[in-house]
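We did not get these values from a lab; they are worked out from the coordinates using the rules stated. A quick note: this is a predicted structure, and the numbers were derived from the prediction, not measured. Cβ atoms come from the backbone with ideal geometry, glycine included; neighbour counts cover every protein chain shown.
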Amino acid sequence: MRRERVPVVVVVLAAIGAAFFIIPLLGLVVRSPWGDAVTLLTAPETVKALKLSLVASLSATAVGVVLGVPLAWIYARVEFPGRDILRALTTLPMVLPPVVGGVALLLAFGRRGLLGSWLHSALGLTLPFTTAGVVMAETFVAMPFLILTVEAGLRSMDRRYEEAARALGASRWRVFTRVTLPLIGPSLFAGAVLCWARALGEFGATITFAGNFPGVTQTMPLAVYLLQETNLEASYILSLVLLLVSLVVLVGLRHRWLGSA
């Protein structure tokens, strides 16, 4: 295959563009205290943040799968008035400033919110500034990634397999669990991983809706923010952990948008 000659100007501009992203990451890697990494990562406050981040992000992913897959199926298979508007509203958190999402959650589920006041008075349930609030905030900003990924998988799959199963007498539920889900398995997995990674790195909506209380609502991104004022070296190490997770996700799922193996 003939190699295309690349203009020098394009190469230079591309190199500057790449350096713009690589140099800050390189600075984080170079300046991090590798010798103290184990000590810093095993510190009690760090362990609490790590544990809470894993529990909350995995919980948010589970909620996202349970609620997001049906939504994606509706968007892909059912035509109804206002579908595009509803899709836009339910995927808006992808581009909405996270802090705005946190404020919206407060106005909806706070003690004086649209639903929060009823939850508090009728059930004695308070969601803001709790671990459950962390899960809600992370789900709010992360689930749209799963919805769009699964919807794309549903739209691109060959529906003849479903039709054949229905013709053989399989119920709708059996077709969905035995035919549809296996066929969209790669999309569902990719969407769940993207959802988890986004939830793990969530900051703005979490600190606005759930606060920053160690052991209760302080996730890794919030811990990094706090450690910037008290322990810079520990903040570098925690940042590296989040960087590594994000890099693994991007490399592992590169075929989803690049079409490469």
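Any chance you could run the full-extension gain for Glu79 through Leu41? It's 0.36 nm times the residue separation minus the Cα-Cα distance, nm to one decimal.
Once the chain is fully extended between Glu79 and Leu41, it gains 8.7 nm.
For Ala210, list long-range residues whose amide hydrogen, built 1.01 Å from N in the peptide plane, is under 5 Å from its own amide hydrogen.
When sequence neighbours closer than 5 places are left aside, the close amide H contacts are Phe129.
Among Val47, Val193, Ile74, flag the residue with its Cα farthest along the positive direction of the charge dipole of the range 46-258, charges on Cβ as +1 for Lys/Arg and -1 for Asp/Glu.
Positive-end residue among those listed: Ile74.
For a protection proxy built on the mean count of beta-carbon atoms within 10 angstrom, sort 232-245, 110-123 highest first, please.
Highest-to-lowest ranking by the protection proxy: 232-245, 110-123.
May I ask you to compute the full-extension gain from Arg172 to Ala108, defined as 0.36 nm times their residue separation minus their alpha-carbon distance, rounded to one decimal in nm?
19.5 nm
When you count, for each residue, the other Cβ atoms within 10 Å and take the mean per peptide, how do 143-153, 169-179, 45-55 rank with the highest first?
In descending order of packing, they fall as 143-153, 45-55, 169-179.
Give a residue-ordered list of calculated ³J(HN,Hα) values for the range 33-45 (Karplus: 6.51 cos²θ - 1.76 cosθ + 1.60, θ = phi - 60°; whole Hz; x for Gly, Pro).
With the stated coefficients, the range 33-45 comes to x, 4, x, 9, 4, 5, 4, 5, 6, 9, 5, x, 5 Hz.
Which FRET efficiency value, to the nearest 0.05, is calculated for Ala62 and Gln228 with the Förster distance at 35 angstrom and r the Cβ-Cβ distance?
Result of the calculation: an efficiency of 0.70.
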